[in-house]
Amino acid sequence: MIFDLLPRGLAWPRERGTNLDNLITAEAVELTRVDRRVADMITESYPLTSGELLPDWERVTGLPDPCVGTPDTVQKRREAVNRKLGATGGQSINYYIDVAARAGYTVTITEYTPFRVGLNAMGDPLASEDWAYAWQVNAPAETVRVFRAGQGSAGEALRTWGNEILECALNQVKPAHTYLIFAYGTAE
């Protein structure tokens with residue numbers, strides 16, 4: 001292709017084995033390599049097809065997640081990056097319930113408000129202004145997470161107990177100015 005771009009004439013021989021042929025062949029090899037690397041970068045620019053730049057995608061998105069650790073396969077790592085990039089965040093009760101559900105927990109949330117004369121009634125809790133920034137996550141006393149074929153991998157426990165993942169996941173996404181209370185064994 002490069003030969004076709006050269007001018008015509010005796011100074012530009014087209015025969016194989018000439019100095020010009022050797023020079024253009026060497027340049028063509030390098031240009032082909034660069035062209036392939038550009039095509040690779042298009043593949044790497046999407047997290048679900050990334051391989052070479054996957055560690056950079058993880059660094060940019062703050063992965064591996066300290067709450068759940070490092071996924072054990074490349075595909076799970078790609079999916080974790082994609083989920084993190086697609087997360088829109090939120091501050092609604094439903095958002096936090098969804099965060100807990102993705103971590104494997106069924107919870108309810110209680111919001112608190114300061115006591116206001118004229119708004120609250122006799123028997124309502126007396127709460128100061130600080131309670132406007134507090135909210136409570138109500139979860140079972142002990143959450144059992146069961147291994148599921150197709151979702152787990154070889155070597156994982158068949159059952160795990162505990163609520164550390166829930167606390168970590170919600171503390172990561174809660175607004176910084178709020179107080180998060182965890183109540184286990186409560187139901188609303």
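The values are calculated or read from the model by the stated rules, or taken from the named source; none is laboratory data. Keep in mind that what you see is a predicted model, and the values were worked out from it rather than measured. A quick note on method: Cβ atoms are made from the backbone with ideal geometry, for glycine too, and the neighbour counts reach across all protein chains shown.
A few points about this structure:
- Out of Glu44, Glu27, Glu52, Glu58, sole residue that is within 14 Å of the chain's Cα centre (by Cα) and charged (D, E, K, R): Glu58
- Qualifying position, being of a type in the set (Ser, Thr, Tyr), outside the structural domain of Asn171 (by TED's automatic domain parsing) and closer than 25 Å to Cys168 by Cα, among Thr49, Thr61, Thr32: Thr61
- Count of residues meeting criterion [among the β-branched types (Val, Ile, Thr) and assigned to a helix (DSSP H, G or I)] in the stretch 52-108: 7
- Among the residues of the stretch 41-59, those that are touching an Asp or Glu at 6+ places or on another chain (Cβ under 7 Å), surrounded by 12 or more Cβ atoms within 10 Å (Cβ to Cβ) and not small (Gly, Ala, Ser) comprise Glu44, Leu53.
- Being under 30 Å from Glu111 (Cα atoms), acidic (Asp, Glu) and at pLDDT 90 or above is a property that Asp35 lacks.
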